[in-house]
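Enquirer: Handing you a structure now.
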Amino acid sequence: MKLLKLFIALNLSINVALFTPISAHAAPKVIEQVAAVVNNNVILESDVNDMLKTIKASADPRTLPSDKVLRKQIIDRLIVENLILQRAAKAKITISDDEITGAIDGIAAENGMTIDQLRSRLSAMGISYSTYRERIHNDMLIEQARMHEVRPRIKVSPREVEQLTKTMTNQPTNNIDVKISHILISIPEKASKQQVDSATNKAMDIINRAKNGENFAKLATSYSNDDLALKGGSMGWRKLNELPTIFEERLIRAAKGSVVGPIRSGVGIHIIKVDDTRSEAPKKITLQEVNARHILIKTNVLVTDQVAKQKLTDIRKAITSGATTFTAAAKANSEDTGSKDNGGNLGWNRPEVYDNGFKSALLQLKKGEISQPIRSSYGWHLIQLIDTRQTDGTNMVKKDQAYRLIFNRKFAEEAQVWIQEIKGDAYIKITGEGKNE
């Protein structure tokens with residue numbers, strides 16, 4: 001995103017131009033035109049044109065509205081992104097070059113391409129690799145800023161998790177996935193009756209057009225006011241329990257191909273199309289648990305890594321030679337106050353509860369085997385695997401899933417409210433080709 005300071009945009013009604021001095025015959029040279037002002041930043045027409053070119057190169061032409069409508073949606077999208085990037089800068093959120101490279105590597109792998117093949121694909125679409133990296137960088141900043149500001153607003157109570165877990169267990173038919181597309185007709189926070197009526201009429205017109213066979217993706221791209229508009233409103237596959245409650249109630253009996261709405265929420269009026277559905281039979285989930293014990297030596301100014309490692313090496317030799325037992329050595333030497341009096345025993349646990357270094361070493365041991373000294377974030381350890389077992393983890397996994405579903409539902413709702421708030425607090429002026437649209 002090209003962001004310029006506000007002083008560049010003082011003359012918003014004309015092109016930003018540079019005139020060659022002295023020469024009376026030199027024609028003005030147009031450098032840039034401003035598409036919109038967002039607080040102290042501007043969105044340039046080149047930003048809009050770049051995104052327009054990318055969308056038209058990658059989307060099905062049948063799902064796209066006219067360039068005029070598409071430009072309006074692009075400007076709206078860029079305004080929101082610009083506002084979020086400003087919040088990211090204020091929060092001092094940064095993304096490293098290595099993180100960007102890693103993200104691009106992942107995108108290439110996910111699409112079955114090498115980086116060179118991805119570069120070629122981008123080139124064929126008329127997109128430079130540096131522009132693409134900047135796009136990924138901004139996307140990552142936007143996601144981090146969204147999490148930074150919205151996540152603290154989300155509260156999930158144990159009672160909510162318990163209730164949803166019970167529902168998922170007792171009513172397996174609710175374990176439904178839906179593939180949906182979405183249109184939001186936004187309504188201002190303190191809307192007048194006229195604004196609400198206008199939005200409702202607009203939504204009903206869209207619903208009727210969709211039910212009469214018009215392409216829903218094209219309608220979404222033309223009219224939706226959320227950040228999925230430029231993707232044809234596609235939300236992809238979602239768990240029914242993950243969706244806002246007002247959606248879930250209307251979709252639980254909706255057949256494939258149904259257009260559902262209007263649905264009123266605090267941010268506007270929603271229209272949903274059910275693109276597909278699928279359900280899963282309940283599955284029993286088994287989890288591995290390990291029973292282990294350890295001896296911990298912490299490092300400090302006097303006890304270096306080398307000293308701690310050597311001490312544990314000597315203790316291991318004493319145990320394996322029979323000079324002492326693991327229990328006695330743990331009681332005499334371990335600095336883990338929670339387990340030393342119990343001979344270092346940690347009890348039955350899932351491997352995932354341990355530090356990565358500890359877990360990795362533990363999972364390589366055979367029953368009864370003692371590890372070599374290993375390093376974790378807590379210090380140096382000797383680990384002995386006492387036993388392993390498989391347990392029924394269905395309820396535990398369901399609780400984890402229930403928490404994520406509730407969190408995702410609340411996050412989606414709150415994120416939309418947050419976007420309306422930051423737009424309401426901002427100075428936004430659309431200029432150029434988009435000002436009358």
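Enquirer: In the full protein assembly as shown, how much of Asp387 is accessible to a 1.4 Å probe, in Å² to the nearest 10?
Expert: For Asp387, solvent-accessible area is about 50 Å².
Enquirer: Provide the solvent-accessible area of Thr221, counting protein heavy atoms only and rolling a 1.4 Å probe, rounded to the nearest 10 Å².
Expert: 0 Å²
Enquirer: When every alpha-carbon pair in the chain is counted, what percent end up more than 37 Å apart? Don't jump to the answer; show the numbers that get you there.
Expert: Values: 44259 of 95266 pairs.
Cα-Cα pairs of the chain separated by over 37 Å account for 46 percent.
Enquirer: Could you rank His148, His137, His294 by how accessible they are, 1.4 Å probe, largest area first? Please list the in-between numbers first.
Expert: Working: His148 105, His137 50, His294 10 Å².
Heavy-atom accessible area, descending, gives His148, His137, His294.
Enquirer: Continuing with this model, one more query. In square angstrom, what is the accessible area per residue of segment 135-281 with a 1.4 angstrom probe?
Expert: Details: 7630 Å² over 147 residues.
The answer is 52 Å² per residue.
Enquirer: Okay, moving on. What is the distance, in nm, between label points placed 7 Å from the Cα along the Cα-to-Cβ direction at Asp355 and at Lys211?
Expert: Between Asp355 and Lys211, the label points sit 6.3 nm apart.
Enquirer: Taking only the alpha carbons of segment 18-165, what extent do you get along each of the three principal axes, in Å, biggest first?
Expert: 78, 39, 37
Enquirer: Next up: Per residue, what accessible area does segment 305-437 have, given a 1.4 Å probe and all protein chains present, in Å²? Numbers along the way, then the final one.
Expert: Working: 7430 Å² over 133 residues.
I get 56 Å² per residue for segment 305-437.
Enquirer: With viscosity set to 1.567 mPa s at 4 °C, what whole-number translational diffusion coefficient in µm²/s follows for segment 33-76 from Stokes-Einstein and a Kirkwood radius over Cα pairs?
Expert: Numbers: Rh = 11.1 Å.
Taking Rh from Cα pairs, D becomes 117 µm²/s.
Enquirer: At a 1.4 Å probe radius, which order do Trp418, Trp237 fall into by accessible area, largest first?
Expert: Solvent-accessible surface, decreasing: Trp237, Trp418.
Enquirer: Can you send over the solvent-accessible area of Val196, 1.4 Å probe, protein chains only, in Å² to the nearest 10?
Expert: We get 30 Å² for Val196.
Enquirer: Just in segment 146-202: which trypsin sites (Lys or Arg not before Pro) are loop by DSSP and have at most 13 other Cβ atoms within 10 Å? Intermediate results must be reported in sequence, preceding the final value.
Expert: Numbers: sites: Arg146, Arg153, Lys155, Arg159, Lys166, Lys179, Lys190, Lys193, Lys202; in loops: Lys155, Lys190.
Here the trypsin sites (Lys or Arg not before Pro) that fit, given the DSSP loop and packing criteria, are Lys155, Lys190.
Enquirer: Right, here's the next one. Set the Förster distance to 45 Å, then compute FRET efficiency between Tyr129 and Glu335 from the Cβ-Cβ distance, nearest 0.05. Show your work: numbers first, answer last.
Expert: Details: r = 51 Å, r/R0 = 1.14.
After rounding to 0.05, the efficiency reads 0.30.
Enquirer: Please give me, ordered by residue number, the GluC sites (Glu not before Pro) of segment 350-436 that lie in loop per DSSP and have at most 15 other Cβ atoms within 10 Å.
Expert: Here the sparse-neighbourhood loop sites are Glu369.
Enquirer: Let me ask something else. In whole percent, and with a 1.4 Å probe on the protein chains, what portion of the accessible area of the chain is carbon and sulfur? Intermediate results must be reported in sequence, preceding the final value.
Expert: Working: 12130 of 24320 Å².
Carbon plus sulfur share of accessible area: 50 percent.
Enquirer: Moving on to the next point. Using a Cα-Cα cut-off of under 29 Å, which lysines could be cross-linked to Lys331, ignoring same-chain neighbours fewer than 8 residues away?
Expert: Lys298, Lys309, Lys311, Lys317, Lys340, Lys359, Lys366, Lys367
Enquirer: Related question: Would you work out if segment 243-372 is rounded, prolate or oblate? Take a ≥ b ≥ c from the square roots of the eigenvalues of the alpha-carbon gyration tensor; rounded if a/c is under 1.5, else prolate when a/b is larger than b/c, oblate otherwise. Before the final figure, lay out each step's value.
Expert: Values: a/c = 4.60, a/b = 3.11, b/c = 1.48.
Prolate, because a/c is 1.5 or more and a/b exceeds b/c.
The values are calculated or read from the model by the stated rules, or taken from the named source; none is laboratory data. Predicted model only: the values in this text are computed from it and were never measured. Glycine also receives a Cβ, built like all others from the backbone with ideal geometry; neighbour counts cover every protein chain displayed. We work out accessible area using only protein heavy atoms, side chains counted, and drop any ligands, DNA or RNA first. Shrake-Rupley method; radii C 1.70, N 1.55, O 1.52, S 1.80 Å.
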